[in-house]
Amino acid sequence: MGRVAVVTGGTRGIGHAISIALQRKGYRVAASYHGNDEAARQFQAETGIPVYKFDAGDWAQCEKAVAQITRDVGPIEVLVNNAGITRDGMLHRMTKENWDAVIRTNLDSVFNMTRLVIDSMRARSFGRIISISSINGRKGQMGQANYSAAKAGLLGFTKAVAQEGAAKGITVNVIAPGYIATEMVMAVPKDVLETKILPQIPVGRLGQAEEIARCVAFLAADDAGFITGACLDANGGQYMA
Ligand code: CAA
């Protein structure tokens, strides 16, 4: 039987493509979601992948969900921390609520989920933790002080936990997607997208969610054990660290 993989925010956008790619590779996938019941229902009907509704930013809800998934599907061996939101605005107009919401959903969630699977991964001497950061955590982005801070936080978290997990067969990596054609990016004002962002992408187009899913499948594989603490940039050449 395939390994058990959990994808947070796994029913829409990049997460949707990741869930499907892992399922095709033979993983037993569980996908979490928080808000959109209809998208989750449709996703489950189309893919047969079980969905779990909880707020990844909430410790107690994660605790319950991880226990439930472990009972239903099995001990989690691959964790993909993908859930994320944007609340864009210049810092001088950013509210405390929008700062807190983004840090909670994009960064606290990664602590919550990783902390809750790490003991079982250590006990089994195998684990793959893959977090979806962003080009904007690498380079910073105007209008995204909250999002850039959270996504940069994932880089530090990954490097620390990679060192801790190395001797236990647990790899910890981040992927930093550029601008991918999802609802999140399509919410950027059209003129900003066309005049400020697209011209900065040497490949000349937005990325596809499947192109990020491919990176996840690569890092999740059993034979990717020598890659840890790494950041895989997939941004069409927009930012070369
Ligand atoms: N790059 C360069 N310039 C930008 C820019 C960008 N990404 N975004 C905005 N600007 C420019 C605007 O064109 C404008 O310049 P001019 O005055 O010369 O026209 C100036 O900054 C102010 O912009 P707005 O008039 O739009 O000001 P605002 O206060 O109404 O909104 C904003 C500012 C919130 C930054 C808004 O422009 C915005 O949402 N920009 C997009 C920010 C962005 O890139 N978000 C990424 C979302 S997708 C994502 O996060 C996924 C991922 O990981 C990549």
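The values are calculated or read from the model by the stated rules, or taken from the named source; none is laboratory data. Keep in mind the model is a prediction, meaning the values are calculated, not measured. Note that we place each Cβ from the backbone using ideal geometry, even for glycine, and neighbour counts take in every protein chain shown. Just the protein is used for accessible areas: all its heavy atoms, side chains included, with ligands, DNA and RNA removed. Shrake-Rupley method; radii C 1.70, N 1.55, O 1.52, S 1.80 Å.
Considering only ALA17, ILE227, ILE180, the residue lying farthest towards the positive end of the dipole of the chain is ILE227, judged by Cα position with unit charges set on Cβ. Taken along the Cα-to-beta-carbon direction at a fixed 7 Å, the label points for GLU210 and GLU194 span 2.7 nm. Only helices enter the 222 nm calculation for the chain: every DSSP H run of n ≥ 4 contributes -39,500 (n - 2.57), and dividing by all residues gives -13000 deg cm²/dmol, rounded to 500. Extension gain, GLU183 to ALA60: 0.36 nm times the residue separation minus the Cα-Cα distance gives 41.4 nm. Each of ALA40, VAL29, ALA65 was scored by the projection of its Cα onto the charge dipole of segment 24-67, and the greatest displacement toward the positive side belongs to VAL29; charges sit on the C-beta of Lys, Arg, Asp and Glu. Within segment 166-182, name every residue whose backbone N is under 20 Å away from a label modeled 7 Å from Cα of ALA230 along the Cβ vector. So the set is 166-178. The distance separating the Cα centre of segment 121-135 from that of segment 37-78 comes to 17 Å.
Seen from ALA5, the other residues with C-beta closer than 12 Å to its C-beta sum to a net charge of +4, counting Lys and Arg as +1 and Asp and Glu as -1.
Report note on the peptides 127-137, 208-218: ranked by the mean count of other C-beta atoms within 10 Å, highest first, their order is 127-137, 208-218. Counting only protein heavy atoms and a probe of 1.4 Å, the accessible surface of the chain is 53% carbon and sulfur. When you count the other C-beta atoms within 10 angstrom of each residue and take the mean per peptide, 154-166, 174-186 line up highest first as 174-186, 154-166. With all protein chains kept in place, the per residue accessible area of the chain amounts to 48 square angstrom at a probe of 1.4 angstrom.
With a simple spin-label model that places each label point 7 Å from the Cα along the Cα-to-Cβ direction, the separation between HIS92 and ALA221 comes to 5.0 nm.
Dipole magnitude for the chain: about 300 debye, using +1 per Lys or Arg Cβ and -1 per Asp or Glu Cβ, origin at the Cα centre. Any idea how far the Cα center of segment 85-101 sits from the one of segment 215-238, in Å? Segment 85-101 and segment 215-238 have Cα centres separated by 30 Å. Computed about its Cα centre, the charge dipole of segment 176-241 is approximately 240 debye, with only Lys, Arg, Asp and Glu carrying charge at their Cβ. When the alpha carbon gyration tensor of segment 64-191 is reduced to an equivalent ellipsoid, its three semi-axes come out at 30, 15, 13 angstrom, largest first.
Each of TYR52, MET94, THR171 was placed along the dipole of the chain (beta-carbon charges, centred on the mean Cα), and the one lying farthest toward the positive end is THR171. Between GLU38 and ALA167, residue separation times 0.36 nm minus the direct Cα-Cα distance comes to 42.2 nm. Pairs from the list LYS25/LYS64; LYS53/LYS190; LYS53/LYS168; LYS139/LYS196 with a Cα-Cα gap above 23 Å: LYS25/LYS64; LYS53/LYS190; LYS53/LYS168.
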